[in-house]
Amino acid sequence: MPQDVRFDIPFSTPVSDHLDYARDRHLSWVREMELVRSQAGFDEYLTWDLPQAAIRTYPHASADDMVVLMNWFSLAFLFDDQFDMAQPGRADRIADVARELAVTPLRPVGSAPRVVCPITRAWAQVWEHLSDGMSLAWRTRFAASWGRFLVAHSEEIDLAASGTTLGIAEYTAFRRRTVGIHHSIDAGERSRRFEVPVQAQAHPVMIRLRDAAADTIGFMNDIHSFEREVRRGDGHNLIAVLRRAHDCGWEDATAEAIHRTEERLRDYLRLESQIPQLCDELRLSDDERLRVGMGVEAIRHWISGNYEWALSTGRYSAVKNTPAAAAEKRGHGSVDDLLSV
């Protein structure tokens, strides 16, 4: 089964000790913000075990910051599931909410959302904490990455509604935006209260490094979540794209997807080995080199941490007999509607 597919990641990353403290507060917040509106929705959410993803991808965050990061994870994942092809006007509502989420970091902190629903209210609160203490450069970079992700999400809904399929090259570029890794890596800086120097972020090696990480994580996610996406009828998955492109069976398409993932991981490792040369070229100070190194660690945390979580999360389970699975088979994204007031 694809969720059982293992990859040889040649590095390990730490895990936070703040799971119990942060998870209890996070689950209370999810209820309070109405990010789950039914017992069935809450039961399904618990199986995803997003707190495990947070403690693995942001292992150095403080206990209170870990709560903020878990809260952010919840609204991002839950928004991703709000598609509903059977409901008229749903794509337009998703686009309206996506725009609101995108502009929130561009408004004064604490501004009330203009498009109101549980997702937008939750994000306004999370952004107030997530942006706290970070520079304008970091907030601008995060906002740009976050915005590209949200626009891509709306485009994906439109593609699904129209039945449009993408070729391999088109899909690879598209997946790099829909996977949402660039802003997730940015949040790694916030989790440790540091910032990668702007000149290092703009260097071609760092740009390619981040893209290679996004592709690696996106392709791993496509493989591990494949059964869930088959259940949902989602054709925007690397395995499905390769099957169409090569006119082959699922087994061969899965093998090719694994090969492409391993290839991108090798690309990432090759680029990571060039980071010392990047620092020399830019004549970075010892402090700046330290922050670049921490930025690379943040990327590693995401590659390894997300991989370990994906192997066991109930979100990607192949066999499910739950209200959420029944809703997915009917073309609904989730049990609860989080886009209405």
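Taking the Cα centre of region 160-230 as origin, work out the dipole magnitude from +1 charges on Lys and Arg Cβ and -1 charges on Asp and Glu Cβ, in debye rounded to 20. Don't skip to the answer; put the middle values down first.
Working: 9 positive and 9 negative charges, 50 e Å.
Using Cβ point charges on Lys, Arg, Asp and Glu, region 160-230 gives about 240 debye.
I'd like to know which of Ile217, Ser62, Met33 lies farthest towards the positive end of the charge dipole of the chain, counting +1 on Cβ of Lys and Arg and -1 on Cβ of Asp and Glu.
So the residue we want is Met33.
Please work out the C-alpha center-to-center distance from region 14-93 to region 215-265 and express it in whole Å.
Region 14-93 and region 215-265 have Cα centres separated by 25 Å.
Quick one: if you stick a label point 7 Å off each Cα along the C-beta vector at Thr165 and Asp287, how many nm between them?
Here the modelled spin labels are 5.5 nm apart.
To two decimal places, what compactness ratio does region 13-156 give when its Cα radius of gyration is scaled by 2.2 N^0.38 Å?
On the way: Rg = 15.3 Å, N = 144, 2.2 N^0.38 = 14.5 Å.
Relative to the 2.2 N^0.38 Å estimate, region 13-156 comes out at 1.05.
Magnitude of the Cβ-charge dipole of the chain, K/R +1 and D/E -1, about the Cα centre, nearest 20 debye? Spell out each step's value before the answer.
Values: 40 positive and 51 negative charges, 95 e Å.
I would put it at about 460 debye.
Taking every alpha carbon pair in region 14-71, what does the distance histogram look like in 5 angstrom bins from 0, in percent?
4, 22, 31, 21, 14, 6, 2
Percent of accessible area on region 187-295 owned by carbon and sulfur, 1.4 Å probe?
Working: 2300 of 4670 Å².
After summing per-atom areas, the C and S share lands at 49 percent.
Quick one: what does P(r) look like for region 103-165 with 5 Å bins over all Cα pairs, in whole %?
Result, from short to long distances: 3, 16, 22, 22, 16, 10, 7, 4, 1 percent.
Counting helices only, and only those DSSP H runs with n ≥ 4, report the 222 nm mean residue ellipticity of the chain as the sum of -39,500 (n - 2.57) divided by its residues, in deg cm²/dmol to the nearest 500. If you can, show how the numbers build up before the last one.
Values: 17 runs with 231 residues, N = 341.
Helices in the chain give a 222 nm mean residue ellipticity of -21500 deg cm²/dmol.
Loop-only trypsin sites (Lys or Arg not before Pro) in region 112-148, please: DSSP not H, G, I, E or B, and at most 15 other Cβ atoms within 10 Å.
On the way: sites: Arg114, Arg121, Arg139, Arg141, Arg148; in loops: Arg114.
Those satisfying the criteria are Arg114.
Would you report the distance distribution of C-alpha pairs in region 194-341 as whole percents per 5 angstrom bin, up to the bin with the largest distance?
2, 9, 15, 15, 14, 13, 11, 9, 7, 4, 2, 0
Students often get this wrong: which residues of region 177-192 have the backbone nitrogen under 20 Å from the point 7 angstrom along Cα-to-C-beta of Met294?
Only 182-192 fall inside the zone, counting backbone N under 20 Å.
So for the chain, averaging the separation of alpha carbon pairs under 8 Å that are six or more residues apart and normalising by length, what relative contact order in percent results? Write out the running numbers ahead of the final one.
Details: 457 pairs, mean separation 101.1, N = 341.
Contact order relative to length: 30 percent.
Would you mind counting up the charge near Met33? Only other residues with Cβ under 14 Å from its Cβ, with Lys and Arg at +1 and Asp and Glu at -1. Please report the intermediate quantities before stating the final value.
Details: positive: Arg25, Arg31, Arg37, Arg121; negative: Glu32, Glu34, Glu128, Asp336.
Once positives and negatives cancel, what remains is 0.
Compute the whole-percent fraction of alpha carbon pairs in the chain spaced more than 26 Å apart.
Working: 27741 of 57970 pairs.
Roughly 48 percent, rounded to a whole number.
The values are calculated or read from the model by the stated rules, or taken from the named source; none is laboratory data. What you see is a predicted model, and the numbers here were worked out from it, not measured in a lab. Every residue, glycine among them, receives a Cβ derived from its backbone with ideal geometry; neighbour counts consider all protein chains shown. For accessibility, only protein heavy atoms count, side chains too; no ligands or nucleic acids. Shrake-Rupley method; radii C 1.70, N 1.55, O 1.52, S 1.80 Å.
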